[in-house]
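Reading through the structure tokens given below for one structure.
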Amino acid sequence: MIAEERLTQIVRMVNERGAVSVPEIMTALNASESTVRRDLVKLDRMGLINKVHGGATRIREELVVSDQSFVGRHALHMEQKRQIAKFAATLIEPDDFVFIDGGTTTECLVDAITETRATYLTNSLPHAQRLLAKGCRTLLPGGEVKPVTEVLVGAETVNTIRRYHFTLGFWGTNGAGLETGFTTPEFSEAAVKQISLEHTARPYVVADSSKFSKSSLITFAEFDDAIVITDCLPKNEGAYRSAGNVIEVEEQ
């Protein structure tokens, strides 16, 4: 296969699948690893694909520019969110100090929690109420309530969280991409997500499959800064599997 045809095939694969790994391209085009990697560098410079670690992603990710209301998100992908939450809840141990971010997937996590001996800190008002109803020791930071998502944000929230060191934590995200990382549309919420994740020994991002290859306005963590728990990766998303930090919990 001549170089021009090979480049065309790689772009087609990336656009059709969203993301492909180097081994997938090697197999499909019967090309060597060094050839494929050179092609990816060239296509990235041409602006036709995004070269990422282990493969390539589509140049245009769906952009999420604003948060939906907390109520509005309840109807979206709830079965998948409950699957993710059920698994995530099993990771909590009695001596853990757990940070729980706001959002509907993390709300499902709170509902799935059975470990009431751990200590929990959340910046979500609805989550705090649910944890208290379970009899959990529950902490809230100070700060301003963001009406759309009902979470505490602002300098006071960040300064409070900065004093703590969590053993375990769970975050929602508006988008997850190998290139863009974990993203959210609003600066004040991104600041809380970032500082809390940085202060956590075992960070997990809980994200259903619809969040992959989407991005929002602000990156609060790189893709390899946390383990991702998802229901399943979209079909043919080999580059995400190659990243090595994604747990799929889809029921067989």
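The values are calculated or read from the model by the stated rules, or taken from the named source; none is laboratory data. If you're wondering where the values come from, they're calculated on a predicted model, not measured in any experiment. We place every Cβ from the backbone using ideal geometry, glycine too, and count neighbours over all the protein chains shown. Protein only, heavy atoms only, side chains kept; ligands, DNA and RNA dropped before computing areas. Shrake-Rupley method; radii C 1.70, N 1.55, O 1.52, S 1.80 Å.
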Exercise. Does Ile229 satisfy the condition of being surrounded by fewer than 21 Cβ atoms within 10 Å (Cβ to Cβ) and either among the aliphatic types (A, V, I, L, M) or touching a strand residue (DSSP E or B) at 6+ places or on another chain (Cβ under 9 Å) (or both)?
Worked result: no
For this session: Among the residues of the range 235-252, write down those that are touching a residue at least 60 places away in the same chain (Cβ under 8 Å) and over 25 Å from Pro23 (Cα atoms).
Result: Glu251
Exercise. Before we move on, is Ile218 within 27 Å of Gly143 (Cβ to Cβ), open to solvent by less than 20 Å² (accessible area, probe 1.4 Å) and not polar (S, T, N, Q)?
Worked result: no
Exercise. What are the residues in the range 4-50 that are of a type outside the set (A, V, I, L, M), modelled with pLDDT under 80 and either crowded, with 19+ Cβ neighbours inside 10 Å or outside any helix (DSSP H, G or I) (or both), if any?
Worked result: Gly47
Exercise. Given the structure, is Ala88 closer than 15 Å to Arg202 by Cα and either open to solvent by less than 10 Å² (accessible area, probe 1.4 Å) or in a strand (DSSP E or B) (or both)?
Worked result: yes
Problem set entry | Any pair with Cβ under 6 angstrom, 6 or more apart, that starts in the range 205-234 at a residue that is among the aromatic types (Phe, Trp, Tyr) and ends at one that is open to solvent by 20 Å² or more (accessible area, probe 1.4 Å) and modelled with pLDDT under 90 | Phe212/Pro234; Phe223/Leu178
Exercise. How many of the residues making up the range 187-199 are surrounded by fewer than 22 Cβ atoms within 10 Å (Cβ to Cβ) and not hydrophobic (A, V, I, L, M, F, W, C)?
Worked result: 4
